Amino acid sequence: MLSLLLSAVASADIFTFNDPFPCGSGPGGGSCLPGAPPANYPGRGDVVGDHKEFDIQKLVFSITQQTLGATIYFNYGPGSTLDDWFPIPGLSLAVGDLIINNQYGVPLHGHHGLTAGSLYAVDTLLLSSDELGLRSDIVYRPDQVVRFTSLGAGTPGTLFNISYNAAADPSFVVSWEGPTPAALWNLYSSGAPLAIHFASATCGNDIVDGTAQRAVPEPSAFLLMGTLLAGLGLRFRKR
């Protein structure tokens with residue numbers, strides 16, 4: 001019984017954020033954005049450009065007092081790696097960063113002196129227009145947060161399960177795991193919402209946003225746990 005209680009306390013809180021702007025209800029005035037798939041392609045109408053190069057399907061975020069985790073399902077570029085790519089001459093695109101509550105970030109690919117997979121405190125959030133400049137020769141979202149910079153050293157994390165399947169949609173699955181900063185856990189455990197953000201590329205052509213907020217246990221749950229623990233204590237004393 002005690003082991004079951006401990007496992008329940010230690011289990012991760014898991015949140016799944018699906019692509020939030022389906023065709024017909026997104027930021028394109030209630031219609032599909034230019035270059036987006038047709039309206040009968042559910043959940044993909046928010047993508048600017050080719051959905052096979054930019055679309056995000058979902059992001060799964062997990063948190064415990066010790067560990068943060070994320071798995072992202074998305075399309076990125078024409079190739080099988082997360083390297084920078086050049087859709088037209090003179091334009092370089094890169095994969096976006098995982099941003100946690102605008103306070104911490106994880107680069108999926110190294111940039112600005114940051115190491116892929118490490119967890120950093122955010123110094124400056126970078127918009128797509130910061131990365132690409134204000135351009136009139138391409139269609140993209142110029143006001144999306146896509147990356148960050150940091151002044152401090154990163155805390156090592158692990159990028160794993162970076163899988164690519166050209167025939168699949170989405171073609172990439174990327175998982176990350178790292179330590180939970182104490183300040184972030186204190187916020188989360190107090191019931192404060194944590195904003196989770198990811199852009200598939202530095203053009204901001206598709207993004208996923210979500211809020212991770214801890215469910216407050218019902219008073220009856222605390223009463224039940226207290227009763228069980230008291231019962232276990234009495235049992236051990238009798239032994």
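Coordinate-derived values only; no laboratory data. Here the structure is a predicted model, which means the values were calculated and not measured. No Cβ is skipped: glycine too gets one built from the backbone with ideal geometry, and neighbour counts run over all protein chains shown.
Data table
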item: Relative contact order (%) - criterion: Cα under 8 Å, at least six apart; region: region 13-216; result: 23 percent
item: Simple label model, 7 Å out from Cα along Cβ direction - ASP123 to SER190, nm; result: 2.6 nm
item: Inter-label distance, nm, simple model (7 Å from Cα along the C-beta direction), SER175/THR211; result: 2.9 nm
item: Inverse of mean 1/r across different Cα pairs in region 13-216, Kirkwood, Å; result: 17.2 Å
item: Residue order, fewest to most beta carbons within 10 Å, for VAL122, VAL146, VAL139; result: VAL139, VAL122, VAL146
item: Relative packing of peptides 169-178, 200-209 - highest average C-beta neighbours within 10 Å first; result: 200-209, 169-178
item: Added length on full extension, which subtracts the Cα-Cα distance from 0.36 nm per residue, ASP137 to ILE14; result: 40.2 nm
item: Mean projection area, nm², convex hull over Cα of region 76-182; result: 7.5 nm²
